[in-house]
Amino acid sequence: AYSRGYRRTYLIGVLAKVVVDMAKALGKPIALEDLDFGKDRLGTDRKFNRMAANFPFKKIIEAVMRRAPREGVGVKPVRPAHTSTIGYYKYMERYGVIIHHAAALVIARRAIGFKERITGELKAKIQAVKEKLNQRVNSLPGEGKGMTRKVKRFVTRLEGKIPVHNGLPRFKQESFYSVWHELKQLALSSR
(Lines give C-alpha, C1' and ligand atoms only; values in the text may rest on other atoms or scores of the structure.)
Protein backbone atom coordinates (compact mmCIF):
# COMPACT_ATOMS: atom_id res chain seq x y z
CA ALA A 1 0.00 0.00 0.00
CA TYR A 2 2.84 2.42 0.80
CA SER A 3 5.49 1.37 -1.72
CA ARG A 4 6.65 3.62 -4.56
CA GLY A 5 5.49 3.13 -8.16
CA TYR A 6 8.59 1.32 -9.43
CA ARG A 7 8.66 -1.04 -6.47
CA ARG A 8 4.95 -1.74 -6.87
CA THR A 9 5.43 -2.54 -10.58
CA TYR A 10 8.30 -4.88 -9.72
CA LEU A 11 6.24 -6.70 -7.07
CA ILE A 12 3.34 -7.08 -9.50
CA GLY A 13 5.71 -8.62 -12.06
CA VAL A 14 7.02 -11.07 -9.45
CA LEU A 15 3.46 -11.97 -8.43
CA ALA A 16 2.43 -12.52 -12.07
CA LYS A 17 5.47 -14.76 -12.61
CA VAL A 18 4.61 -16.87 -9.54
CA VAL A 19 0.94 -17.25 -10.54
CA VAL A 20 1.70 -18.17 -14.16
CA ASP A 21 4.49 -20.56 -13.15
CA MET A 22 2.14 -22.33 -10.70
CA ALA A 23 -0.54 -22.66 -13.38
CA LYS A 24 2.04 -23.98 -15.86
CA ALA A 25 3.38 -26.52 -13.35
CA LEU A 26 -0.15 -27.75 -12.62
CA GLY A 27 -1.14 -27.69 -16.30
CA LYS A 28 -4.22 -25.56 -15.59
CA PRO A 29 -5.53 -22.31 -17.10
CA ILE A 30 -6.07 -19.13 -15.07
CA ALA A 31 -9.50 -17.61 -14.37
CA LEU A 32 -9.48 -13.91 -13.42
CA GLU A 33 -12.24 -11.71 -12.07
CA ASP A 34 -12.86 -8.81 -14.41
CA LEU A 35 -13.20 -6.23 -11.62
CA ASP A 36 -13.79 -2.54 -12.19
CA PHE A 37 -12.31 -0.07 -9.70
CA GLY A 38 -13.05 2.99 -11.85
CA LYS A 39 -13.91 6.37 -10.41
CA ASP A 40 -17.65 5.74 -10.85
CA ARG A 41 -17.38 2.91 -8.28
CA LEU A 42 -16.04 5.16 -5.54
CA GLY A 43 -18.45 6.12 -2.77
CA THR A 44 -18.36 8.14 0.45
CA ASP A 45 -16.17 5.80 2.51
CA ARG A 46 -12.72 7.46 2.58
CA LYS A 47 -10.88 4.29 3.61
CA PHE A 48 -12.35 2.23 0.73
CA ASN A 49 -11.74 5.05 -1.77
CA ARG A 50 -8.06 5.23 -0.81
CA MET A 51 -7.69 1.45 -1.05
CA ALA A 52 -9.49 1.31 -4.42
CA ALA A 53 -7.50 4.21 -5.88
CA ASN A 54 -4.16 2.75 -4.76
CA PHE A 55 -4.99 -0.85 -5.68
CA PRO A 56 -3.25 -1.55 -9.01
CA PHE A 57 -5.67 -4.22 -10.20
CA LYS A 58 -5.37 -3.26 -13.86
CA LYS A 59 -1.57 -3.60 -13.69
CA ILE A 60 -1.91 -7.05 -12.10
CA ILE A 61 -4.31 -8.21 -14.82
CA GLU A 62 -2.07 -6.83 -17.57
CA ALA A 63 1.01 -8.50 -16.10
CA VAL A 64 -0.72 -11.90 -15.91
CA MET A 65 -2.30 -11.50 -19.37
CA ARG A 66 1.12 -10.59 -20.85
CA ARG A 67 3.05 -13.40 -19.19
CA ALA A 68 0.53 -16.26 -19.55
CA PRO A 69 0.54 -16.54 -23.38
CA ARG A 70 4.35 -16.44 -23.40
CA GLU A 71 4.38 -19.45 -21.08
CA GLY A 72 1.57 -21.25 -22.92
CA VAL A 73 -1.03 -20.87 -20.13
CA GLY A 74 -4.65 -20.05 -20.93
CA VAL A 75 -6.31 -17.03 -19.29
CA LYS A 76 -10.01 -16.30 -19.11
CA PRO A 77 -11.54 -13.15 -17.57
CA VAL A 78 -14.85 -13.81 -15.79
CA ARG A 79 -17.69 -11.49 -14.75
CA PRO A 80 -17.53 -10.97 -10.97
CA ALA A 81 -21.28 -10.53 -10.39
CA HIS A 82 -22.50 -12.23 -7.19
CA THR A 83 -19.50 -14.55 -6.81
CA SER A 84 -19.26 -13.99 -3.04
CA THR A 85 -23.01 -14.46 -2.53
CA ILE A 86 -23.11 -17.68 -4.54
CA GLY A 87 -20.04 -18.96 -2.73
CA TYR A 88 -21.55 -18.07 0.64
CA TYR A 89 -24.87 -19.82 0.04
CA LYS A 90 -23.74 -22.83 -1.99
CA TYR A 91 -20.14 -23.80 -1.25
CA MET A 92 -18.88 -22.28 1.99
CA GLU A 93 -20.72 -24.61 4.34
CA ARG A 94 -20.58 -27.64 2.02
CA TYR A 95 -16.79 -27.63 1.68
CA GLY A 96 -15.93 -25.97 5.00
CA VAL A 97 -13.96 -23.11 3.45
CA ILE A 98 -13.91 -19.37 4.01
CA ILE A 99 -16.03 -17.13 1.81
CA HIS A 100 -13.09 -15.98 -0.34
CA HIS A 101 -12.21 -19.56 -1.30
CA ALA A 102 -15.87 -20.27 -2.03
CA ALA A 103 -16.02 -17.19 -4.29
CA ALA A 104 -12.85 -18.40 -6.07
CA LEU A 105 -14.61 -21.72 -6.68
CA VAL A 106 -17.53 -19.85 -8.27
CA ILE A 107 -15.11 -17.89 -10.48
CA ALA A 108 -13.47 -21.14 -11.63
CA ARG A 109 -16.86 -22.73 -12.35
CA ARG A 110 -17.87 -19.69 -14.41
CA ALA A 111 -14.65 -19.85 -16.40
CA ILE A 112 -15.40 -23.48 -17.25
CA GLY A 113 -18.94 -22.52 -18.31
CA PHE A 114 -21.14 -23.98 -15.57
CA LYS A 115 -24.43 -22.39 -14.55
CA GLU A 116 -25.18 -21.87 -10.88
CA ARG A 117 -28.43 -23.64 -10.22
CA ILE A 118 -30.73 -23.19 -7.23
CA THR A 119 -30.47 -26.44 -5.27
CA GLY A 120 -32.92 -28.04 -2.87
CA GLU A 121 -30.50 -27.25 -0.05
CA LEU A 122 -30.69 -23.53 -0.85
CA LYS A 123 -34.49 -23.67 -1.07
CA ALA A 124 -34.52 -25.29 2.40
CA LYS A 125 -32.38 -22.42 3.78
CA ILE A 126 -34.83 -19.85 2.41
CA GLN A 127 -37.74 -21.82 3.86
CA ALA A 128 -35.99 -21.83 7.27
CA VAL A 129 -35.61 -18.04 7.09
CA LYS A 130 -39.29 -17.74 6.25
CA GLU A 131 -40.34 -19.97 9.16
CA LYS A 132 -38.05 -18.09 11.55
CA LEU A 133 -39.60 -14.84 10.35
CA ASN A 134 -43.14 -16.13 10.97
CA GLN A 135 -42.18 -17.40 14.46
CA ARG A 136 -40.68 -14.08 15.45
CA VAL A 137 -43.69 -12.08 14.28
CA ASN A 138 -46.17 -14.33 16.10
CA SER A 139 -44.21 -14.65 19.36
CA LEU A 140 -43.07 -11.09 19.97
CA PRO A 141 -45.77 -8.56 19.07
CA GLY A 142 -44.49 -5.10 18.19
CA GLU A 143 -40.79 -6.00 18.18
CA GLY A 144 -38.74 -5.85 14.98
CA LYS A 145 -41.64 -5.01 12.66
CA GLY A 146 -39.60 -2.77 10.35
CA MET A 147 -36.90 -5.35 9.75
CA THR A 148 -39.34 -8.24 9.34
CA ARG A 149 -41.36 -6.30 6.76
CA LYS A 150 -38.21 -5.78 4.70
CA VAL A 151 -37.15 -9.41 5.03
CA LYS A 152 -40.66 -10.57 4.13
CA ARG A 153 -40.49 -8.46 0.95
CA PHE A 154 -37.24 -10.17 -0.08
CA VAL A 155 -38.66 -13.62 0.68
CA THR A 156 -41.76 -12.99 -1.45
CA ARG A 157 -39.57 -11.74 -4.34
CA LEU A 158 -37.44 -14.87 -4.04
CA GLU A 159 -40.50 -17.13 -4.12
CA GLY A 160 -41.37 -15.64 -7.52
CA LYS A 161 -37.85 -15.83 -8.96
CA ILE A 162 -36.59 -19.21 -7.70
CA PRO A 163 -38.90 -21.49 -9.77
CA VAL A 164 -37.76 -19.92 -13.06
CA HIS A 165 -34.07 -19.37 -12.21
CA ASN A 166 -32.63 -22.72 -13.36
CA GLY A 167 -34.15 -22.37 -16.84
CA LEU A 168 -32.68 -18.91 -17.50
CA PRO A 169 -29.61 -18.37 -19.69
CA ARG A 170 -26.35 -17.65 -17.87
CA PHE A 171 -26.27 -13.88 -18.42
CA LYS A 172 -29.75 -13.56 -16.87
CA GLN A 173 -28.73 -15.76 -13.93
CA GLU A 174 -25.80 -13.40 -13.28
CA SER A 175 -27.69 -10.13 -13.82
CA PHE A 176 -28.09 -7.45 -11.15
CA TYR A 177 -31.76 -8.27 -10.52
CA SER A 178 -31.22 -12.02 -10.21
CA VAL A 179 -31.97 -14.40 -7.34
CA TRP A 180 -28.43 -13.89 -6.04
CA HIS A 181 -28.96 -10.15 -5.61
CA GLU A 182 -32.12 -10.82 -3.60
CA LEU A 183 -30.29 -13.44 -1.48
CA LYS A 184 -27.52 -10.95 -0.75
CA GLN A 185 -30.05 -8.32 0.30
CA LEU A 186 -31.86 -10.91 2.45
CA ALA A 187 -28.62 -11.87 4.19
CA LEU A 188 -27.70 -8.23 4.83
CA SER A 189 -31.13 -7.26 6.15
CA SER A 190 -31.60 -10.26 8.44
CA ARG A 191 -28.33 -9.82 10.35
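So what are the three principal axis dimensions of the range 4-112 from its Cα atoms, in whole Å, longest to shortest?
43, 42, 21
Net charge near V20, counting Lys/Arg +1 and Asp/Glu -1 over other residues with Cβ under 12 Å of its Cβ?
+4
So how exposed is H101, as accessible area in Å² (1.4 Å probe, rounded to 10)?
Surface accessible to solvent at H101 totals approximately 110 Å².
How large is the accessible surface per residue of the range 14-105, computed with a 1.4 Å probe and reported in Å² as a whole number?
Solvent-accessible surface per residue comes out at 69 Å².
Measure up K47/K130; K58/K152; K28/K125; K90/K132; K59/K123 against 30 Å on the Cα-Cα distance and list the ones that go over.
The pairs that break the limit, which is 30 Å between Cα atoms, are K47/K130; K58/K152; K28/K125; K59/K123.
Per the helix-only calculation at 222 nm, which mean residue ellipticity applies to the chain, given -39500 (n - 2.57) for every DSSP H run of n ≥ 4 and division by its residues, nearest 500 deg cm²/dmol?
The helix-only estimate for the chain comes to -20000 deg cm²/dmol at 222 nm.
With Kirkwood's inverse mean 1/r over C-alpha pairs for Rh, give me the Rg to Rh ratio of the chain, two decimals please.
Over the Cα atoms of the chain, Rg/Rh equals 1.05.
Which listed residue (P169, I112, Y10) has the Cα farthest towards the positive end of the charge dipole for the chain, taking +1 on Lys and Arg C-beta and -1 on Asp and Glu C-beta about the Cα centre?
Y10
The values are calculated or read from the model by the stated rules, or taken from the named source; none is laboratory data. In this text, all values refer to a predicted model and were calculated from it rather than measured experimentally. In this analysis, Cβ positions are derived from the backbone assuming ideal geometry, glycine residues included, and neighbour counts consider all displayed protein chains. Quick note on the areas: whole protein, heavy atoms, side chains included, nothing else; ligands and nucleic acids left out. Shrake-Rupley method; radii C 1.70, N 1.55, O 1.52, S 1.80 Å.
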